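Please treat every number below as a calculation from the coordinates, not as lab data. Keep in mind it's a predicted model, so treat the numbers as computed, not measured. Methodologically, a virtual Cβ is constructed for each residue, glycine included, from the backbone with ideal geometry; neighbour enumeration extends over all protein chains shown.
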Amino acid sequence: MSETKQTIDRKETVETKPFIYDYTLEQLQGWMKENGEPAFRAGQLFDWLYVKRVTSFEDMSNLSKPLREKLDAQFRFVTLSEITRLESKDGTVKYLFGLHDAHAIETVVMRHNYGNSICVTTQVGCRIGCTFCASTLGGLKRNLTAGEIVAQVVTAQQLLDKTEERISSIVIMGSGEPFENYDATMAFLRIMIHEKGLNIGQRHITVSTSGIVPSIYKFAEENTQINLAISIHAPNDALRSKLMPVNRRFPFDDVMESLRYYIAKTGRRVTFEYALIGGVNDRPEHAEELGDVLQGLLCHVNLIPVNHVPERDYVRTPREDIFEFQRILEKKKINTTIRREQGHDIAAACGQLRAKHMESAR
Ligand code: SAH
C-alpha cells in the first residue's frame, strides 16, 4: 500500500513541476541568482535548450552536477508525443501532438522557397466560436503554457535538424486565441526572438487575433517588430457578428479603432485576414465596403479561400470571383494578396486533424 502511495506522490510532484521552456532568459537569470549561481549560467542553459536543443538537464555538461540536479528537481521538459504526422506532396507537415494530460494539439510546418515556417497553437480548443472554424467545435479545454507553445517549435526544429533545415518564420495561426492567452503568448514570443536562442527575426513572426480589443492596445505597447494580423472576415458589424460571435463582445468599430491606435503607436502595417465564404461575404459589394473601411489605413488584406469544414456547410468562392474581389480592393489602393494554399491533400485547415482525432476517441 505505502509503496503505491509513494509512487503516486512522486508522480504528482513530477507532474506539477513547471516547464523549463516556460521561462524567458531574464527569468532564468533571476532563478540562477536566487540559487546562488552567476547569471551567465542562464545563458548557458538557454544555449542548451535552444541552440543545442538537448532535452535533458543531464546532458548540459558545462553546468555543475549539483546545478543540473537542482534544475531537474524543479523543472521538467515538455514532452510532445507524435500521435499523427501527415506529410503533403508540397512538403507541408502536419503534426497532431499529445500533451502530458492527454489533450492533443496541432502544429504545421510549411516549406516555402524563402524558408520554413511553423504555425503554432496557443490553446487546446478555442472559445471564440467562429462559425467557419473547426478549432472551436469542442470549445476551449485549456490554455497552453508558454513552454508548450515553445515546445512545438523546438520539436519541429529538432526534426528539421536531421536535414539541416531551419525554421525561419512563425505564424501564431493554429488553434486558439493568442490574445486570450496573452501572457503565455508574449513569453513564447520573447523566447523565440532572443538572439541567444532560436533567434527568429521579429519581422518573420505574425500573431493573429480574432479582435480581442484590450489585448490589441496592450500589444501596441510591447515595443516589438512582430507583425499583427486581424481576422476581420466581414466589412461591417452586422455580418461580422453573424460569422464571429466575438464581434458582439468587441464590436467592429472598436476593433478598427484599436488598430488605428496600434498603427499610430507602432508605425507598423496590419494584415487583415479575410476568409472568402461563397455567397456570404464574397460579393463585390462586400469588397467595395471593405475597401472603404480600410481607406487610408497602413494595411494589407490577405484573402483566404475558406477551407471546407465537414461540420459546416460553407462553400468556396469561385476562383474568378476571388480575383474580382481582389481587383475591387486594389482599385481602392488596398494592397491585397490571395493566400497560397498548402497541404490541401492532408486536411491542414485549423483544427481538422484534432477534430477527427476527438471524433475517433469518442
Ligand atoms: N484566433 C486567432 C488565431 C487563429 S488564426 C484568429 O482568429 O485570428 C487562424 C486563421 O484562420 C484565422 O484568420 C481564422 O479566422 C482562419 N480560419 C479558421 N477557419 C477557417 C476556415 N475554415 N477557412 C479559412 N480560414 C479559416
Review point. Using the per-residue mean of other Cβ atoms lying within 10 Å as a proxy for protection, in what order, highest first, do the peptides 288-299, 19-30 fall?
Key: 19-30, 288-299
Point to revise | When each of Lys17/Lys65; Lys242/Lys331; Lys33/Lys70; Lys33/Lys218; Lys94/Lys333 is checked by Cα-Cα distance, pairs over 24 Å | key: Lys242/Lys331; Lys33/Lys218; Lys94/Lys333
Exercise for review: Return the ratio Rg/(2.2 N^0.38 Å) for region 255-309, where Rg is computed over Cα atoms only.
Suggested key: 1.27
Exercise for review: Would you give the gap between the C-alpha center of region 36-77 and the C-alpha center of region 86-129, rounded to a whole Å?
Suggested key: 28
Review point. Based only on the alpha carbon positions, what is the Kirkwood hydrodynamic radius of the chain, in angstrom?
Key: 21.8
Revision key, fill the gap. Counted neighbours (other Cβ, 10 Å), sorted fewest up, put Lys331, Lys94 in the order Lys331, Lys94
Exercise for review: Return the tail of the calculated pair distribution for region 90-212, meaning the percent of Cα-Cα pairs more than 18 Å apart.
Suggested key: 49
Check your understanding: So what is the relative contact order of the chain, in percent, for Cα pairs below 8 Å that sit 6 or more residues apart?
Key -> 15
Check your understanding: Name the chymotrypsin sites (Phe, Trp or Tyr not before Pro) in region 79-122 that are in a loop by DSSP and that have at most 13 other C-beta atoms within 10 Å, would you?
Key -> Tyr114
